[in-house]
Structures are given as C-alpha cells and as structure tokens.
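Notes follow once the structure below has been shown.
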Amino acid sequence: MFVTVCTCWARVGEEDAVIALHEDWQRSQHLKTRGYLSGELLHNIQDPQMFIAVARYDSEAAARAAVKNPEQVAWRRRLASLAEAEPIYAEYQSAWQAG
C-alpha cells in the first residue's frame, strides 16, 4: 500500500470549507481514481485550523497517476486557496498494518 499525507492549516473561518472540499472529493472523484483505496481527514483538537489528510492507494503508480489528473490538480489548488500556507505533502509505504 502507498499512502499520501497532506498537512495544512486552514485560514481562519475556512475550516468547514476544508472539510466540505474533502467530502466533495469523496463523492465525485474516488470512484474515478484508479487504485484509490480509502481516505481520512483528521482535524486537530488542540489546533482547530490544522488538518491532516491521509489517502491510501494500492500502489505508488496509482498515487502518482492521481496527482497528475487535471481534476486532482484543480482540487489541490482549491485546498491551497483555503490554507494559510502551501499544504505539505508527504509519501509513505505501508510497513505494517493491523486488522
């Protein structure tokens, strides 16, 4: 499994828009994104402007193809417009998984 993690800090007042953007992606894009397995958006309790998005893919190739998709590029631009600074993206390979 290949995992991408995005950390971003929403602009004040844009927290709900960040959540809605992720919900919209799940509704409109996840079935069209080859190799996408699941995703999750975490909202920091101590810092309500901070979000961590986790997306799981069946392979690195699938994740890289998704990032190049024009709809995904536009989605990332929209996320950046809601954030205080450019979101931080990191990539991981699964080393161990429970259950």
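We did not get these values from a lab; they are worked out from the coordinates using the rules stated. Everything numeric in this text was worked out from a predicted model, so none of it was measured.
In Å, what Rg and Dmax follow from the Cα atoms of the chain?
13.3, 37
Angle check, please: helix 15-28 long axis (alpha carbons) against the longest principal axis of the chain (alpha carbons), in degrees 0 to 90, nearest 10.
30
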